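> First the structure, which I've put down as structure tokens, then a few questions once you've had a look.
The values are calculated or read from the model by the stated rules, or taken from the named source; none is laboratory data. The model shown is predicted, which means the values in this text are computed figures rather than measured ones. Cβ placement follows ideal geometry from the backbone for every residue including glycine, while neighbour counts extend to all protein chains displayed.
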Amino acid sequence: MKEMKKRKSAATYGVMILCLLAAAVGAWGTARKDEQIDRLPDQSGTQAAQTTQYAPANIPVTGVPYSEPEAETTELETEPPAAYMLPLGDFIVKDYSADAVVYSNTMRDWRVHTGVDFGDNRGQSVLAIADGVVTDVREDTLWGVVLTIDHGSGVTAKYCGLEKGSTPEPDTQVEKGVVIGKLGEIPIESKDGPHLHLEITQDGRSVDPWKLLRQS
């Protein structure tokens, strides 16, 4: 009987020792795990640092006002257009004489020449020297068909020696460079060949057409 009690006591002590050993091993493992966790870097701080340093690009942004940039323009410096232009070519048959008398091959006398004669072939187009309004169209026995245009600023031009039926009607608005007639003949200057006799007055006074045209 006593022997059996001794065996039970020994078994009980053995179980208790095993429990104590198990508890000690468990406590040591928990402490070891906590120590390893303490040695790990701060994950929240690292993640924040990585997010700041490697933030993805090209993310759409809302709530920011935006307007299209204005296109840059470059203004080119250009000369203003000339006020007047030649009505025909630049071949001058006879120049303006002002108050000086010149010899007339047709009339065989000496007289003043109050215009500039631009020579060319008959039927050649005659152009308006500037914008203006046709004020008169008439057929003259000496000067042929004469077209008068008010070019503004006190300048009035008479285009003499045009072909009949080739001119615009009175009160017609014309632009610089448009055809206002065809070259015909001038009876009083027939010996000088086909040409346009251009007379210009400014503020009612006769002026040299060539000087006015060359100033443009």
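> Just for the stretch 131-150: of the residues that are buried (at least 21 other Cβ atoms within 10 Å of the Cβ) and under 21 Å from residue 211 (Cβ atoms), which one is farthest from the chain's Cα centre (by Cα)?
149
> Where the second residue is exposed (fewer than 12 other Cβ atoms within 10 Å of the Cβ) and assigned to a strand (DSSP E or B) and the first is at positive phi and at pLDDT below 95 and lies in the stretch 107-122, which pairs have Cβ atoms under 9 Å and are six or more apart or on separate chains?
Listed by first residue and then by second, the contacts come to nothing, as the list is empty.
> Could you identify the single residue in 164, 176, 191 that is surrounded by fewer than 21 Cβ atoms within 10 Å (Cβ to Cβ), touching a residue at least 60 places away in the same chain (Cβ under 8 Å) and over 38 Å from the mean Cα position of the chain (by Cα)?
Checking each option against the conditions leaves just 191.
> For the stretch 83-127, name all the residues that are among the basic types (Lys, Arg) and more than 24 Å from residue 164 (Cβ to Cβ).
Those that are among the basic types (Lys, Arg) and more than 24 Å from residue 164 (Cβ to Cβ): 108, 111.
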